[in-house]
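Asker: Quick one: the structure is below, and I'll ask about it shortly.
The values are calculated or read from the model by the stated rules, or taken from the named source; none is laboratory data. What you see is a predicted model, and the numbers here were worked out from it, not measured in a lab. Positions of Cβ are generated from backbone atoms using ideal geometry, with glycine treated the same way; all protein chains shown enter the neighbour counts. Quick note on the areas: whole protein, heavy atoms, side chains included, nothing else; ligands and nucleic acids left out. Shrake-Rupley method; radii C 1.70, N 1.55, O 1.52, S 1.80 Å.
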Amino acid sequence: MDEDGADEAERLTEAIDGRSAWPEAEGRYRLELTEPDEPVGMDVFATVLDLTPRSPETVVVDIELGRRDTLTGDRQTALERLAANPGVTAGSDRTRGTAPATVATVDALARLPGDALTHAVALDGNRRAIVERRTRTTVRFALPETGYEDAAGQLAPAVVDRIVRERG
């Protein structure tokens, strides 16, 4: 494997294992979901990507769905859309890899069953995490104070009340 391939494999492993670097200059926040399919998880994910001052570059995904799973409609289309990215591999029962941080990628993730989404983390060009959804019921993100205030203004007050500041 060439150096770039090794680099990409290392980034994938670190991100999926939850070892992505976070920016020091931004506040860190966490939202615990009450259930994996709670739509607010992907709402927060998308809102943070919209408001971050950093440029989202890639989304690293680990999904417990693959070619052998019987999906229909939007869910099938979503998995196919993710798997169509050259950096994503759809195995028989698991889909993992890196996709561009686009509206289409986030939309595809939002259409998949929450209990199948093991991990998704959006990274900037310096490989620092912007927002991650992990362990099916946790959303973590980093934003500067003004970005957090903007996010809080776009989310339902009941959701904002559940967000915990971790540090920063």
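For (1) more than 14 Å from residue 54 (Cβ to Cβ); (2) open to solvent by 10 Å² or more (accessible area, probe 1.4 Å), each residue gets a yes or a no:
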residue: 99; (1), (2): yes, no
residue: 106; (1), (2): yes, yes
residue: 109; (1), (2): yes, no
residue: 130; (1), (2): no, no
residue: 133; (1), (2): yes, no
residue: 147; (1), (2): no, no
residue: 154; (1), (2): yes, yes
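Asker: Please name all residue pairs, on different chains or six or more residues apart, with Cβ atoms under 9 Å, provided the first residue is in segment 142-163 and is under 18 Å from residue 26 (Cα atoms) and the second residue is of a type in the set (Lys, Arg) and open to solvent by less than 80 Å² (accessible area, probe 1.4 Å).
Answerer: 142/28; 142/54; 142/128; 143/28; 163/30
Asker: Same structure again: Look at residue 125 and say whether it is open to solvent by less than 10 Å² (accessible area, probe 1.4 Å), touching a residue at least 60 places away in the same chain (Cβ under 8 Å) and not aliphatic (A, V, I, L, M).
Answerer: So residue 125 does not fit the description; no.
Asker: Out of curiosity, is residue 66 surrounded by 14 or more Cβ atoms within 10 Å (Cβ to Cβ), without any contact (Cβ under 8 Å) to a residue 60 or more places away in the chain and either touching a Gly at 6+ places or on another chain (Cβ under 7 Å) or under 30 Å from residue 146 (Cβ atoms) (or both)?
Answerer: yes
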